[in-house]
Each structure stands twice: as C-alpha cells, then as structure tokens.
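Before any comments, here is the structure.
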Amino acid sequence: MTDRRRDKAVEVKIGVQHAPREIVLESGQTPEEVERAVSEALSGKSQLLSLVDDHGRKVLVPADRLAYVELGEPTQRKVGFSAL
C-alpha cells in the first residue's frame with residue numbers, strides 16, 4: 001500500500017450475529033464510502049455488505065447478520081524492542 005493510500009486507510013471492525021469473533025480489516029476506502037456501503041446493506045438496497053481490504057481482497061457479509069460496524073484509524077504495528 002502506498003503512503004498516500006495508507007493516509008486514507010480506515011480500520012473497520014464488523015460484528016456478525018452468532019459469530020464469536022469480529023471481522024477486522026484495514027481498507028483503502030474512505031470512511032464515507034464504508035458508511036455508504038453499510039447504509040445500503042442495512043436499508044435493503046444490497047443483501048451483502050461488500051468491502052475491499054488494503055490487499056485487494058473482498059470481504060462479504062450478509063446484511064441480515066450485521067450486528068455492528070466500527071470505523072477508526074488504523075493502528076500502527078510496533079516491531080522490535082524498546083526501552084520504556
């Protein structure tokens with residue numbers, strides 16, 4: 001992912017009914033695009049919530065199984081050792 005796309009990246013957490021874990025992905029889509037896709041799925045315009053992660057993989061969730069969707073800034077992964 002380029003630095004420009006990383007600046008726009010959004011972390012998406014999706015809760016699915018009857019699933020013990022949430023789906024977490026980082027997407028190059030804007031928060032507005034993700035919100036629009038969620039709204040369309042919940043309003044019945046689409047039967048699936050379809051999002052693309054930053055690796056180009058498509059994530060599909062049945063709209064009638066959505067419990068919640070949380071949008072936020074992607075977390076920076078820390079690698080290595082450091083003194084606190």
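The values are calculated or read from the model by the stated rules, or taken from the named source; none is laboratory data. In this text the structure is predicted, and so the values were computed from the model without any measurement. Here the Cβ is made from the backbone with ideal geometry for all residues, glycine too, and neighbour counts use every protein chain on show.
Points to keep in mind about this one:
- In the range 55-76, the residues that are without any contact (Cβ under 8 Å) to a residue 24 or more places away in the chain and surrounded by 12 or more Cβ atoms within 10 Å (Cβ to Cβ): P62, A63
- Verdict on A41 being touching a helix residue (DSSP H, G or I) at 6+ places or on another chain (Cβ under 6 Å), surrounded by 15 or more Cβ atoms within 10 Å (Cβ to Cβ) and part of a helix (DSSP H, G or I): yes
A quick yes/no check of all residues on (1) under 17 Å from Y68 (Cβ atoms); (2) surrounded by 12 or more Cβ atoms within 10 Å (Cβ to Cβ); (3) out of contact with any Ser or Thr (no Cβ under 6 Å at 6 or more places or on another chain); (4) modelled with pLDDT of 95 or more:
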residue: D3; (1), (2), (3), (4): no, no, yes, no
residue: R6; (1), (2), (3), (4): no, yes, yes, no
residue: A9; (1), (2), (3), (4): no, yes, yes, no
residue: Q17; (1), (2), (3), (4): yes, no, yes, yes
residue: I23; (1), (2), (3), (4): yes, yes, yes, yes
residue: S27; (1), (2), (3), (4): yes, yes, yes, no
residue: T30; (1), (2), (3), (4): no, yes, yes, no
residue: S46; (1), (2), (3), (4): no, yes, yes, no
residue: D53; (1), (2), (3), (4): no, yes, no, no
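- Among the candidates V38, V61, V69, residue that is touching a Gly at 6+ places or on another chain (Cβ under 8 Å) and at pLDDT 90 or above: V69
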